[in-house]
Amino acid sequence: MSAKILSSVACVALVAGCSAGNYEIPIETPLTPKLDISKFQRVLIAGFVSGGSEDVDANLETARLLRSQLRRNSVLEVIDADVMPLLDIADEQIRSSARNAPPAVPDGFAVAPGAEADADENAEDDPLGEDDQMSEEELEAYETIFANVGFWRDLGEEYQNPLILTGTVYFSPHQQSGMVTREREVYDSFGRRRTTPERTYRDRRGFVLSPKFIFIDGETGATVYSERHREEILYDASQNTPALSSYFELMDRLLPSVLGAFSNQSIRGTRTLLR
């Protein structure tokens, strides 16, 4: 037997001997949780400041969806409570703050008689966000409600100091025009089918969903964590897709991130060790 063959046999025997001493062990690497929920036993989905399309009640639908998901995917008890009309509550808080705020008058000048009453009347005639199709920027003006620590602390006391999930939800029609790449079927002289990319100009319509989820400690009324998302979906202009269907399709993309705040996730795998 030649030296080359003997060398090959020796290498195979060596590898076989080593593989016999290999073994795999499972490992689990914990991920850093977004939120420490160890102090909470209950969660309250209070409601959301919502705006945009009237075709979908984003406040009610978001609260219902999150309650349903958390009952299946969270160790916290989900509180059954009416969804709060936070848009109206935030609007009233803004009005009250404006009524109680002293007028800004330079030093040495007096307030004109009836000026405060005129200001109140103007506020009633032109309430913030009266337009049903308010912009995202207009909706952000209502976020002052989340800084009202006393309001959230009182709400938390009513429900035994739970973790409170709230925020804003903007859901609105959206359209965009531009070049779109599509696959076009073509046949050669032998009748064989193939596809080729084709760029065409299209009008596309759909919806945009921009929620901000805010987690509040019901005991202190303070915000402990928040995250903002933005998703959009577009269809051919000729396609008639219901607004509610698009809303749920967009929410499906966001749910894993939101639910991830309620659990300590881990990455599972294996490692091979040599004896």
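Values quoted throughout were computed directly from the atomic coordinates according to the rules given, and no laboratory measurement underlies them. Quick caveat, the model's predicted, so the values are computed rather than measured. Ideal geometry is used to build each Cβ from the backbone, glycine not excepted, and the neighbour counts take in all protein chains shown.
Can you sort Ser210, Ser50, Ser226, Ser189 by how many other beta carbons sit within 10 Å, fewest first?
Sorted ascending by nearby Cβ count, the order is Ser189, Ser226, Ser210, Ser50.
Could you put Lys34, Lys39, Lys212 in order, starting from the residue whose Cβ has the fewest other Cβ atoms within 10 Å? Working shown, then result.
Numbers: Lys34 17, Lys39 9, Lys212 20.
Arranged by neighbour count, lowest to highest, Lys34, Lys39, Lys212 become Lys39, Lys34, Lys212.
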Any residue on another chain or 5+ positions along whose placed amide H is under 5 Å from the amide H of Val224 is listed here as Phe215, Ile216, Asp217
For region 35-51, in residue order, the Karplus 3J(HN,Hα) values (coefficients 6.51, -1.76, 1.60; θ = phi - 60°; whole Hz; Gly and Pro = x) are 9, 8, 9, 5, 7, 10, 10, 9, 10, 10, 8, 6, x, 9, 7, 10, x
Expected vector for region 70-78, Karplus 3J(HN,Hα) from phi with 6.51, -1.76, 1.60 and θ = phi - 60°, integer Hz, x for Gly and Pro, equals 6, 5, 9, 10, 10, 7, 7, 6, 8
Per-residue Cβ contact counts at 10 Å, fewest first, order Thr241, Thr144 as Thr144, Thr241
HN-Hα couplings for region 53-62 via Karplus (6.51, -1.76, 1.60; θ = phi - 60°), in whole Hz with x for Gly/Pro, come out as 5, 7, 6, 10, 7, 4, 5, 5, 5, 5
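Provide the gained length on full extension for the span Glu140 to Ala81, in nm with one decimal, where the gain is 0.36 nm per separating residue minus the Cα-Cα distance. Display every interim value, and only then the final one.
On the way: separation 59, 0.36 × 59 = 21.24 nm, distance 2.53 nm.
Stretched fully, the Glu140-Ala81 segment lengthens by 18.7 nm.
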The simple spin-label model distance between Arg194 and Ser238, using points 7 Å out along Cα→Cβ, in nm, is 2.7
